[in-house]
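What follows is a set of notes on a single structure, which appears directly below.
The values are calculated or read from the model by the stated rules, or taken from the named source; none is laboratory data. It should be emphasised that the depicted structure is a prediction, and the values quoted were computed from it without experimental measurement. Positions of Cβ are generated from backbone atoms using ideal geometry, with glycine treated the same way; all protein chains shown enter the neighbour counts. In case anyone asks, the SASA skips ligands and DNA or RNA and just uses the protein heavy atoms, side chains included. Shrake-Rupley method; radii C 1.70, N 1.55, O 1.52, S 1.80 Å.
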Amino acid sequence: MIQIIDLCKSFNGQLVLDHVNLVLPKGKITVVIGKSGVGKSVLLKHIAGLLKPDAGRVLVEGRDINHLRGRELYDYKLRLAVLFQGGALFDSLTVFENIAFPLREKTRLPESEIAHRVRQRLEEMNLPPEVEYKFPDELSGGMKKRVAFARAMVQEPEIILFDEPVTGLDPPMASSVFHLIIKTHQDHGYTALVVSHDIPEVFQVADFVAMMHRGRIIAYGTPPEIQAHPDPLVQAFLHGEPDFLEA
Amino acid sequence: MSRGNIELLVGLFVLIGLASLTYLALHLGELELFSHGYRVYAVFDNISGLKTGAPVEVAGVEVGKVEAVEMTQDFRAKLTLKLDTKVVLKEDTIASIRTKGIIGDKFVKLTPGFSDKVIPPGGTIRETESVLELEELISKYVHGKV
Amino acid sequence: MVALLRRLGCWALGLVREAGGMMLFLLEGLALAFVPPFRFRRLLQEMYLIGVRSVLIILLTAAFTGMILALQGFYTLKQYGSEGALGSAVALSLIREMGPVLTALMVSARAGSAVTAEIGIMRITEQLDALDTMAVSPMQYVVMPKLLAGLITVPLLTAIFDVMGIIGGYIVGVILLGLSSGIYFSEMVRSVVPLDINGGIVKSLVFGLTIILVACYKGYYTEHGAEGVSRATNQTVVLSAVLILAWDYLLTSFFM
């Protein structure tokens, strides 16, 4: 279980996270929705340990990750995988090398076992075997996302953080990525945080939904609860009325 | 670019680089890994800008270098000459400072003597002849002393 | 007036902060070279990118520099009837100044800007963050091998530059202008002392580290997307050129 307690962060005097409180239950998918630029990705980066909060805590099984040092921090990172917005694949490595990277860096598996696991993940992501020789810049956006997903899955993480997993993808590709999330979650049962503004599609993967607005969590509940939420801001967002949210 | 090729090219590059460095250091810099030769000293009234590293010649053949230039307590110039072991100097050898060409570099010229005694390593050349200053020559000529 | 002073103060503080930031960045990068894993393969890759890929441009620049030095030197020395000193003029200019400085400038233009662009793109596309979340230190995986490669390859490139420049001087002085080959080389050997060589090597070590440090630092702290990358690349080239020349003056006055 991951608990986020009173998390605050500002950049250049602008408050991006304003006392955020959120719980990510173990083995469940929690979706954070909200307009672009309300601090969803910043929240995700705090859980990944990439940003340090100005105030507040991120507790993983009761331990503040900002107090983890050396070996403990390393172990936490081993349990965690992040699927970045653009995929964050390494340009200089092929698809195969990208997926094999965490295994080569963090395990002492023989090359044959690494190759086996990489191909297994490619298959799981419905990627054709010949992509393994390609470089990231030869791939379409949807393929990059799936390769990055394969790289996240190959680490066999307990926690996966998805940063805008379907942004910029066409609707069929977006729904195929959501199906991959559902399928891998059923198979592996990881704890997940999905940050997205693609509604209502993202509700199909969600166990719980939180809505962020101006650095705060303004609504939390199961997908049906959120859809029936009385707050006009939530309704405006669900029905795609951005002008109302600006006011 | 395959991995083997990168290794090969980097290896080649390092070899060429080291070869260049070695050439510069050993050939041009004459970095003396194995110091050979011996030292003698010579005191002059005036060396007039002779520099460390200037050649020492016998009959026009380079036999050593000026290793150090110092001043003595009585305001004369003391040179440390480093000479080839092959060169054996007699006690009455004359050391003089000459110039190559009109404005050329200064060098130390040794004129061998005929004494039976030799100058041992660490010894001193007694007979020295200072620089022939062009200005002095001209003034002597002008004042009719030549 | 007060506003001007305040701006000046802010600028000076920014400068000190940046210098301090770079120093800490350098120390961290170099310290990580002694922490396992040692990333030998990454070092080889970077030596290839920074060193091997610069050889051609270094050879070309060096040959022309040597030829120009010989041509200029020949006509100047001829006025005093001491063309014989051409070899020493060419070699000393190359070893003391032209070799280290021009090599550093060429490497910074060729590899320094590329390093900034590469790291900057890794920053804005979150590849550095991805390394971090995989428990791989981006400083150690990306920056450290580049710093070491700069430290190793730039002195080697400088030595190659010096030798090629001497060959260029030989082509003009001996083959085209008819100086005797023996005089060219013996004058050279006579005038170059170990201090010149050492000074040249120290300069090239400092320059190599400076170029790659500036390039990595600017790339690592890139912000604001693609425009930020182009700005960082630009700053790298300008800043490293200025630093090379400033260092050159300091080191020259220290050594000579």
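Observations on the structure shown:
- Every test in (1) open to solvent by 20 Å² or more (accessible area, probe 1.4 Å); (2) hydroxyl-bearing (Ser, Thr, Tyr); (3) within 14 Å of chain C (Cβ to nearest Cβ) is passed by residue A:10 save one, and that test is (3).
- Test result for residue B:64, in the same structural domain as residue B:127 (by TED's automatic domain parsing), open to solvent by less than 50 Å² (accessible area, probe 1.4 Å) and at pLDDT 80 or above: yes
- Only one of the numbered conditions (1) among the aliphatic types (A, V, I, L, M); (2) within 14 Å of chain C (Cβ to nearest Cβ); (3) touching a Lys or Arg at 6+ places or on another chain (Cβ under 8 Å) is not met by residue A:114, and that is (2).
- Residue in region C:181-197 that is modelled with pLDDT under 90 and away from every other protein chain (no Cβ under 13 Å) present: yes
- Residues that are open to solvent by 50 Å² or more (accessible area, probe 1.4 Å), over 20 Å from residue A:187 (Cβ atoms) and charged (D, E, K, R), drawn from region A:96-137: A:104, A:105, A:108, A:111, A:130, A:134, A:137
- Check on residue C:63, away from chain A (no Cβ under 14 Å), more than 21 Å from residue C:160 (Cβ to Cβ) and either aliphatic (A, V, I, L, M) or in a helix (DSSP H, G or I) (or both): no
- Residue A:82, sole failed condition from (1) touching a His at 6+ places or on another chain (Cβ under 8 Å); (2) buried (at least 17 other Cβ atoms within 10 Å of the Cβ): (1)
- When residues of region A:75-110 are limited to those that are more than 22 Å from residue A:139 (Cβ to Cβ) and touching a residue at least 60 places away in the same chain (Cβ under 8 Å), the one nearest to the chain's Cα centre (by Cα): A:80
- Residue in region C:115-133 that is within 19 Å of the chain's Cα centre (by Cα) and basic (Lys, Arg) present: no
- A count restricted to region C:25-38 and to residues that are assigned to a helix (DSSP H, G or I) and either in contact with a strand residue (DSSP E or B) (Cβ under 7 Å, 6 or more places away or on another chain) or surrounded by 10 or more Cβ atoms within 10 Å (Cβ to Cβ) (or both) stands at 9.
- Restricting region C:193-202 to residues that are in contact (Cβ under 8 Å) with a residue 60 or more places away in the chain and surrounded by fewer than 24 Cβ atoms within 10 Å (Cβ to Cβ), the residue that is farthest from residue C:116 (Cα to Cα): C:195
- The set of residues in region C:1-44 being among the aromatic types (Phe, Trp, Tyr) and over 17 Å from residue C:141 (Cβ atoms) consists of C:11 alone.
- Test for residue A:118: is it free of Cβ contacts under 8 Å to residues at least 40 places away in the same chain, farther than 18 Å from residue A:215 by Cβ and outside any loop (DSSP other than H, G, I, E, B): yes
- Condition broken by residue C:76, with the remaining ones in (1) among the hydroxyl-bearing types (Ser, Thr, Tyr); (2) more than 22 Å from residue C:192 (Cβ to Cβ); (3) assigned by TED's automatic domain parsing to the domain that holds residue C:152 satisfied: (2)
- Any hit, region C:111-126, residues being within 14 Å of chain B (Cβ to nearest Cβ), assigned to a helix (DSSP H, G or I) and open to solvent by less than 40 Å² (accessible area, probe 1.4 Å): yes
- In the set C:56, C:102, only one residue is without any contact (Cβ under 8 Å) to a residue 60 or more places away in the chain and surrounded by 17 or more Cβ atoms within 10 Å (Cβ to Cβ); that residue is C:102.
- Qualifying residue in region C:203-221 (condition: of a type outside the set (Asp, Glu), open to solvent by less than 50 Å² (accessible area, probe 1.4 Å), in the same structural domain as residue C:101 (by TED's automatic domain parsing) and under 26 Å from residue B:50 (Cα atoms)): no
- For the criterion of being on the phi < 0 side of the Ramachandran plot, within 14 Å of chain A (Cβ to nearest Cβ) and surrounded by fewer than 23 Cβ atoms within 10 Å (Cβ to Cβ), residue C:135 fails.
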